[in-house]
1. Could you check which residue among LEU49, LEU35, LEU261 shows the biggest mean-square fluctuation in a GNM of the chain with a 10 Å Cα cutoff?
2. In nm, what is the difference between 0.36 nm times the number of residues separating HIS157 and ASP114 and their Cα-Cα distance?
3. Within a 10 angstrom radius of the beta carbon, how do ILE83, ILE248 rank from fewest other beta carbons to most?
4. I need PHE59, PHE188 ordered by Cβ neighbour count within 10 Å, fewest first.
5. Using alpha-carbon positions, what is the distance between the centroids of segment 2-22 and segment 212-228, in Å?
6. Using a 10 angstrom cutoff on alpha carbons, build the Gaussian network for the chain and name the most mobile of ALA235, ALA48, ALA98.
7. For TRP270, TRP162, what ranking results if the residue with the fewest other Cβ atoms within 10 Å of its Cβ goes first?
8. Please give the contour-minus-distance gain from ASP240 to ALA282: 0.36 nm per residue of separation, less the Cα-Cα distance, rounded to one decimal in nm.
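The numbers here are math on the coordinates, done by the rules we state, and not lab data. All figures in this text were calculated on a predicted structure; none of them were measured in a lab. Cβ: placed from backbone, ideal geometry, glycine included. Neighbour counts: every protein chain shown.
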Amino acid sequence: MNATGPVNGLSVDVEDWFQVGAFETVIAKDDWPRLADRVERNCDAILALFDAGGVKGTFFTLGWVAERHPALMRRIVDAGHEIASHGWDHDRVFRLGAAAFREDLVRSRKAIEDAAGTPVTGYRAPSFSIDARTPWAFEVLAEQGYAYSSSVAPVVHDHYGWREAPRFAFHPLPGSDLIEIPVTTALFAGRRLAAGGGGFFRVLPYGFSRWAIRQVNREGRPAVFYFHPWEIDAAQPRVDNAPLRSRIRHYTNLAVMEAKLRQLVAEFRWGRMDDLAARESARAMRLAA
Ligand SMILES: [Zn+2]
């Protein structure tokens, strides 16, 4: 590997195919335990892919998944990756309110730490749901002792987004070390484009993501990339009664995702989100000094 440039953040949002926001209107949470469990085999494929590429990353995991898959959690940690929190069962932060958000953080962290055997210091909100509607969210994260969050999409999108948020790492609370690391956006004709992965990476040609990450790295800043275990799983059960738009987004290009990920892993430098958070905090301190 001969990649150069800043070390970017590589992350996996660990949830199963039936837990995605796109299917929430047609799959009830009560049905989750009865549905085909694919997350473990998919995460093992990701671990093999990361190992082959010689990269480490962060697995933002649902507490619901960690409780059911303790051996997987330990395999992830043993391979040198970070385990962090993606909340309990994918409730969006703006739907919870401060008190329920606190409960969700406590419950998910305990399940993840018990399963993984390591402390959790990072958090990613389900569907990047920390935005202008949740001014209390960072205070709750700081109070709960989190070192960093990667929960903001500083862009406009039909399901999420916080248009006015900074594009790069920022300290959201005065007097607190908590740092927020937004998912990557690229600039095109003065507009911000979501370019941090997920469906955009899978659906659009690989060249779009390469262009976006190169642009961010040329600015001297790290990109933050994310994807999901179900995105490499072409054999997952089909949800035929979901809205057409959701089905198109969810099922497009599953079969080519692994090959694209291998290219991405080889072409850029990647590391864990907690390490990236520490570097960004040090950078902010240097600039403030
Ligand atoms: Zn998620």
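1. Among LEU49, LEU35, LEU261, the largest mean-square fluctuation in the Gaussian network model of the chain belongs to LEU35.
2. Computed gain between HIS157 and ASP114 is 11.9 nm.
3. Ordered from fewest to most neighbouring Cβ atoms within 10 Å, ILE83, ILE248 come out as ILE248, ILE83.
4. Ascending Cβ contact count within 10 Å gives the list PHE188, PHE59.
5. What the calculation gives is 12 Å, centre to centre.
6. Comparing ALA235, ALA48, ALA98 in the GNM, the peak value goes to ALA235.
7. Ordered from fewest to most neighbouring Cβ atoms within 10 Å, TRP270, TRP162 come out as TRP162, TRP270.
8. 10.3 nm
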